[in-house]
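Structure, as C-alpha cells:
The values are calculated or read from the model by the stated rules, or taken from the named source; none is laboratory data. Not measured: the values here are computed from a predicted model. When we count neighbours, we look across all protein chains shown, and the Cβ atoms used for this are built from the backbone with ideal geometry, even at glycine.
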Amino acid sequence: MINYFNQSGLSLSYFEWMKNMYPFVLIQIPIVTWIIINTFKPEYKILDSSVRKLVIKVAKSRSMTGRNTITVMIFILIIIGWIFFSETFGLGTIALTGVFLYILGGFVRWNDLNKHTHWGVIILFGATISLGTSIRSTGAALWLADQVIILFGSMMEMFPFFSDLIVILITTTMANILSSSATVAVLGPITMKLVPDMMHIGLVTAASSAFGYFTVVAAPACTIVYSSGMIKSNDFLRLGWRIGLVSILLLIVYVNTYWRFIN
C-alpha cells in the first residue's frame, strides 16, 4: 500500500505507518485473547510445571556469543532503517541490505536461503502488484470505484463511516479467499479512488486486509497452525466470525476517532 501512496504523490514513512497502525494492534491483543480463551476453553489453566521447565532450559542454554550479538544488531539496524529511512531508500532496499549483510558475515548461506525461500509466493506477490498497477494505469480502478459509488453513493453521503464499512467488508472477504498481500495489491488502486482522502481509505484497506481469521489459506500463520493437525478447518470459522465482527466494529470506531485526533 505504501507503494501505491508513493505512486499517487502521497508521502507515508514507516514511522507514520506505525503511528497509525500499531495502537490498533495493541488494542486488539487483549480483546482477541479474551475471545480465544472463551471460545476454546483451555484444558490446563495452571502451567507452573511447564514454566519451571522452560526457565531451567533457558538457564542451561549458552550465553550470547559475538555472532549472536551481531545478528541481533543487524536486525535492529534494519528496523531502524525502516522507521527513519524508508522514504529515502525504500523498504525493499533496506530489507535486501540486511540479507546481504547476513550473507557477507557468514551468518547464513545462499544455498539455505534459496532452499527455504518460497519463490512461488514472491512471484505471485509480484504478479498481484503488477495487476494492481495495471488496474490503476488503465483506468479500470476508477471505473470500478465509480460502480461502487453508484451502488452505495447515497449511503456514503448520509453516513460518513459507510465508505469505511464497505471497504472493510470487501477487503476482509477477499483477504480470506486470497491473502492479505494479494488483496491489497488488487484492491488498493480501486479503494483509493472511492473518496477524496486517499490516505485514509488506503490505510483502512491495509488494516482490514489483516482480518484473515476465517479460512486456513488466509494467512501463512493460519496454514502453519493448521498443519500441526491439532485443529480443524471449521475451527477457524468458529473463532473467526467472532474476532472478525469485533475487529470490523473496532476499526470503524478507531479510524473515526484516533485517526482524526492524530491527523
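Only one of Ser63, Ser130 is closer than 30 Å to Lys193 by Cα and not β-branched (Val, Ile, Thr). Can you tell me which?
On the way: Ser63 fails: closer than 30 Å to Lys193 by Cα.
Only one candidate passes the filter, namely Ser130.
In summary, Thr97 fulfils each of the numbered conditions (1) exposed (fewer than 13 other Cβ atoms within 10 Å of the Cβ); (2) part of a helix (DSSP H, G or I) with the single exception of condition (1). With a requirement of 3 or more residues that are out of contact with any strand residue (DSSP E or B) (no Cβ under 9 Å at 6 or more places or on another chain), over 30 Å from Gly81 (Cα atoms) and in contact (Cβ under 8 Å) with a residue 40 or more places away in the chain, the helices (runs of 4 or more DSSP H) lying completely within the range 1-71 that satisfy it span 14-39. Filtering the range 140-166 to residues that are among the aromatic types (Phe, Trp, Tyr) and over 22 Å from Leu251 (Cβ atoms) leaves only Trp143. Has the range 171-182 got at least one residue that is modelled with pLDDT of 80 or more, closer than 23 Å to Asn3 by Cα, touching a Leu at 6+ places or on another chain (Cβ under 8 Å) and hydrophobic (A, V, I, L, M, F, W, C)? Within the range 171-182, one or more residues are modelled with pLDDT of 80 or more, closer than 23 Å to Asn3 by Cα, touching a Leu at 6+ places or on another chain (Cβ under 8 Å) and hydrophobic (A, V, I, L, M, F, W, C). Against the list (1) basic (Lys, Arg); (2) under 30 Å from Met230 (Cβ atoms); (3) in contact with a Phe, Trp or Tyr (Cβ under 9 Å, 6 or more places away or on another chain), the condition Arg67 fails is (2).
Are any of the residues in the range 38-51 surrounded by 14 or more Cβ atoms within 10 Å (Cβ to Cβ), more than 27 Å from Ala210 (Cα to Cα), among the polar types (S, T, N, Q) and out of contact with any Ser or Thr (no Cβ under 7 Å at 6 or more places or on another chain)?
Initial filter on the range 38-51 (surrounded by 14 or more Cβ atoms within 10 Å (Cβ to Cβ)): none.
No, there is no match, as no residue in the range 38-51 is surrounded by 14 or more Cβ atoms within 10 Å (Cβ to Cβ), more than 27 Å from Ala210 (Cα to Cα), among the polar types (S, T, N, Q) and out of contact with any Ser or Thr (no Cβ under 7 Å at 6 or more places or on another chain).
Considering the range 147-169, and only residues there that are at pLDDT 80 or above, in a helix (DSSP H, G or I) and of a type outside the set (Asp, Glu), the residue that is nearest to Ser208 (Cα to Cα) turns out to be Ile168.
Taking the stated definitions as given, is Val72 modelled with pLDDT of 90 or more and either among the small types (Gly, Ala, Ser) or over 30 Å from Ile231 (Cα atoms) (or both)? Considered against the rule, which asks whether it is modelled with pLDDT of 90 or more and either among the small types (Gly, Ala, Ser) or over 30 Å from Ile231 (Cα atoms) (or both), Val72 comes out as yes.
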